[in-house]
Ligand SMILES: [Zn+2]
Ligand SMILES: [Zn+2]
């Protein structure tokens with residue numbers, strides 16, 4: 001991050017943004033258009049957020065020409081990075097910004113979901129707050145709809161406000177075709193082939209919550225987006241005990257994916273293994 | 001590790017110190033030397049006898065130049081150890097190099113399969129708990145799990161099917177290890193049982209603590225010691241439930257469930273506010289299971305059935321006692337076969 005200030009001392013005519021987005025650790029950022037940056041309207045309110053705002057903006061837009069000492073230059077450099085991040089949060093929810101981030105998403109530039117059942121689904125950067133200096137960036141998986149910590153500490157220290165709380169959700173509103181199919185596939189802890197009782201009880205309860213949701217959505221004629229077992233809830237004649245049937249189907253489907261051995265076919269809940 | 005009686009350059013130590021082998025425990029020689037623990041493994045690896053000798057650092061009987069071998073051992077500490085555990089033999093027996101490479105890979109396979117069993121034994125799981133305390137297995141990548149320590153597991157007990165994964169006791173889910181060096185480690189060497197067995201063996205671990213904090217046990221307050229389904233209530237998926245589910249928002253407004261892009265996966269990270277209802281849900285399910293005509297033998301999945309039928313065999317009445325067993329039962333229960341034993 002400090003390379004710019006030290007290595008290319010007098011060379012402030014090089015493209016600052018090019019340097020910024022290609023710096024190690026800045027892989028999550030896309031390049032903000034010159035056009036967007038030079039339209040003052042887009043920067044409304046940022047002058048009070050950023051120290052030496054005008055110098056920082058000059059630096060970002062490659063028109064910086066102040067003769068100053070290294071300490072001052074470093075301060076302005078820091079401000080420029082902060083300003084870029086704050087503008088970035090606004091830019092990536094514009095049509096052009098969304099498209100740029102989408103390209104990066106397709107290349108999995110933001111990493112892949114660590115959850116085994118998500119099959120390396122690409123992630124999106126997001127913030128837990130829109131206010132700077134509060135929460136570091138997190139990564140959102142659209143498949144499991146959960147958030148994860150970046151693997152590298154370089155990324156883990158980026159301010160989440162540079163991506164904001166809305167961007168990743170807006171992306172899927174604007175591009176609904178990109179919403180990944182949802183899956184009920186999940187991990188079930190076992191001991192010698194037997195499901196662990198406490199975990200199995202929770203799984204049953206969660207399956208009930210999921211079924212309730214799918215019934216609600218069906219009533220409202222909203223697509224639930226589940227690729228597996230889309231028909232499971234359609235059998236109205238089995239209304240007397242649909243929950244159990246659903247669970248059976250879901251479990252049968254789940255098992256092969258988990259590499260269930262012969263012992264996996266048993267259905268007992270183990271509270272304690274007989275060994276140990 | 002401390003339980004190993006071998007010198008630092010033993011085959012087992014050098015195997016466990018290889019890059020990517022950080023999750024492995026050092027199987028004790030006593031465990032390997034007990035034939036009972038190796039039952040059935042003879043047919044699973046090629047050149048079983050030679051592989052076993054290699055693991056135990058037993059000199060092959062047909063060895064011709066013992067003296068030179070001794071000298072080489074000293075140098076190996078610095079040099080060949082990183083190449084692979086069998087490095088030292090390679091130079092001396094070049095004419096049987098192909099055999100040796102087979103024995104080497106057989107030894108690794110055999111060690112892995114023994115390891116799968118060892119870490120489920122009393123000594124093995126104890127050693128793994130020490131590694132767990134030291135944070136050797138990393139932490140859960142899920143933000144709401146707040147750096148809970150994870151456990152290495154396999155999704156299959158059969159080698160060659162999948163690589164090692166990390167099981168998080170806080171969200172009860174499995175994750176790909178963050179470093180690619182673990183993506184060549186066979187998951188079967190840890191197996192499907194270890195992760196869950198660990199939780200049941202050490203129910204007192206305070207799982208809501210993050211990896212950054214020191215490992216500790218639960219407090220003694222009555223609230224913390226409430227049991228549900230054989231586990232301390234506080235330890236049932238502490239990373240799930242209200243406040244631990246990601247809430248998608250756009251400009252501060254929650255995205256509606258009715259939107260095409262609305263939330264669909266909350267259930268995966270949900271948990272009842274009061275986990276004791278899980279016990280009641282189970283009883284409810286059991287009663288419904290009992291009324292069903294379905295055959296108990298099918299047992300494909302409905303894990304209520306065997307329990308339900310076993311319960312019907314018990315003398316009727318005394319529901320209070322039954323309830324108390326359900327809520328405060330010992331974690332040492334095995335109710336899969338309908339039998340309860342206080343061990
Ligand atoms: Zn995911
Ligand atoms: Zn977790």
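Taking only the Cα atoms of region A:9-91, the radius of gyration and Dmax are 12.0, 32 Å. For residue B:101 and residue B:247, the FRET efficiency from 1/(1 + (r/R0)^6), where r spans their Cβ atoms and R0 equals 41 Å, is about 0.15. Let's test the formula: R0 of 25 Å, r as the Cβ-Cβ distance of residue B:122 and residue B:56. What FRET efficiency results, to the nearest 0.05? E between residue B:122 and residue B:56, to the nearest 0.05, is 0.75. Put in line by how crowded their Cβ is, counting other Cβ atoms within 10 Å and starting with the fewest, B:142, A:73 read A:73, B:142.
With 0.36 nm allotted per residue and the present C-alpha distance subtracted, the residue A:121-residue A:66 stretch has 15.2 nm of extension available.
Measuring max minus min along each principal axis, the C-alpha atoms of region B:141-183 give extents of 32, 20, 11 Å (largest first).
Going from the fewest other Cβ atoms within 10 Å to the most, the residues A:190, A:90, A:216 appear in the order A:216, A:90, A:190.
Fewest neighbouring Cβ atoms within 10 Å first, the residues B:54, A:220 line up as A:220, B:54.
Read-outs: derived from the displayed coordinates by stated rules, not from any lab. The structure presented is a predicted model; accordingly, all values stated were derived computationally and were not measured. Heads up, the Cβs are rebuilt from the backbone with ideal geometry, glycines too, and the neighbour counts pull from every protein chain shown.
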